[in-house]
Amino acid sequence: MTSRLTSRTTRLTSRTTRRRRAVAYTATLLAGLTLGVAPVALADAPSAGSDTADLEQTVEADEEVVTEDAAVTVGHVDVGPRFLDGEWTMLARDDREVPSVWRDPERTVLHLGDAAALPAPEGPDYEFLGVEPGKPLYVVPQTQAPDVVWLGWNTQDPEVVDAVEQGASLRLDGVDGPGEVFVFLQEGVTGPPNVLWNSGEPLPQELWMEVNTHVHANWVFTEPGIYQLDVTMLAELTDGTTAEDGSTLVFAVGEDTDPEEALAAVAEAASDDPTADGSASPDASPSEVTAPAATDAPGASAPSSDSGSAALIWGAAAAGVVLLLVLVARVVGARRARAAAERDAGDES
C-alpha cells in the first residue's frame, strides 16, 4: 500500500500535463440548498489563528488504512494527509464505518446520483455558472444532505497536527471530465459564494487548510459523467522541510454513470503514464531521453532512412535555388548588354 501511494506524485507529473484544461470561471450558492457555516480556506486567506468555526470530529492516530476499491454514494468522506511509514501521504477518510478507515483516493469513487441533482437558480449571483436557470447541476453540499455523499477535508491526524507548521494546501492540478467543476464555501445561509476552485481559471489553484481543522464545501458538476481531479497536498513542516503527495479524486456523476467505469478510467490513465513503469520522466530534456550517438564514434549507428531522405530533399531544393539564381543573373545580364548596344547605335546615327 505504501509503495503504491508514494509513487503517485511521479505519475501525476505527466498525467496532469495531459489533462490540464480550463472551463468557465465560477462558483455558486444553489437554489433550494441551505448551506451551513464552515471555516474559510482560501489560498490567500489568513493562516492559522483565523476566527473560524470548526466542524467537530476526532481523528485517532491508529485508524486503519485499507486497500480495496470503494464506491461511496451516501456518507461522510474527508480527504487529508497522514504519515505512512514516516512519509506524507494523501488519503480519504471514510467515516461510514466505525471506527473510520482511510482509503486510497484513486480507488474511492464518489457517486452522485439523482439525489444530488438541483436546478441552477436564477439571478445575477449565479450568472458565473454559465448555464441557463433550471439546468440540472450535481452538487455535493456543504452541509450534509440525505442520500448524497458528503465530501470535505481535514488536517486532524495527530501526527500531522504535531508535524505541520501552520497548515497545508490542497492544490488542483488538472481536471478531466465532461463539464465544469466548482468548489466554494458559503458564509452563512445568505452570504456570497467564497470561491476555492473553479476549473475555468488557469491551473494550478490552491486552497488553504489550517492545521487541526475539518472543513466542508460545495462541489458542483455541470454535466453527468466521469470526472478525475488531479490534486496535490502540500505543507511546510516544523522541521523546515516541505512535504507533498499527489492523487486523483474520482467522481461518477449521474445516476447512470457506473462507478466501476470510473475506477477503470483511473487505472487506464495510470497504465498509460510513461513514468509509471520507470521510463524517462517528462521533465527530462530531449538530450537526456533521446540523445543520439555521434556518427563518427565507434559503433555509432547510421542515420535513419527517414533522416537521409530528408537531407536529400533539402539538398536538392538548395541546388535548385542556386541554379535558378544563375539563370536569372544571365538573363538580366543579356538584357542590359542589349540595351547598351541599342543606346550606342542611336548615338552613332
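Ignoring ligands, DNA and RNA, please state the percent of accessible area on the stretch 101-240 from carbon and sulfur, probe 1.4 Å. Don't skip to the end; give the middle numbers.
Values: 2300 of 4730 Å².
Carbon and sulfur together cover 49 percent of it.
Would you kindly calculate the translational diffusion coefficient of the stretch 108-240, applying Stokes-Einstein with the Kirkwood radius from alpha carbon pairs, for 20 °C and a viscosity of 1.002 mPa s, and quote it in µm² s⁻¹ without decimals?
On the way: Rh = 16.1 Å.
Approximately 133 µm²/s, per Stokes-Einstein.
Given contacts defined as C-alpha pairs under 8 Å and at least six residues apart, what's the relative contact order of the stretch 76-157, whole-number percent? Once normalised by length, the contact order is 33 percent.
Compute the label zone of D256 within the stretch 215-244: residues whose backbone N is under 18 Å from the point 7 Å along Cα-to-Cβ. Backbone N within reach: 222-227.
Send over a whole-number figure in Å² for the accessible area per residue of the stretch 80-218, probe 1.4 Å.
On the way: 4970 Å² over 139 residues.
Per-residue accessible area for the stretch 80-218 comes out at 36 Å².
The values are calculated or read from the model by the stated rules, or taken from the named source; none is laboratory data. Small disclaimer: the values here were computed from a predicted structure and weren't measured. Reconstructed Cβ throughout: ideal geometry from the backbone, glycine too, with neighbour counts over all protein chains shown. Accessible surface is based on the protein model in full, side chains and every heavy atom, while ligands, DNA and RNA are left aside. Shrake-Rupley method; radii C 1.70, N 1.55, O 1.52, S 1.80 Å.
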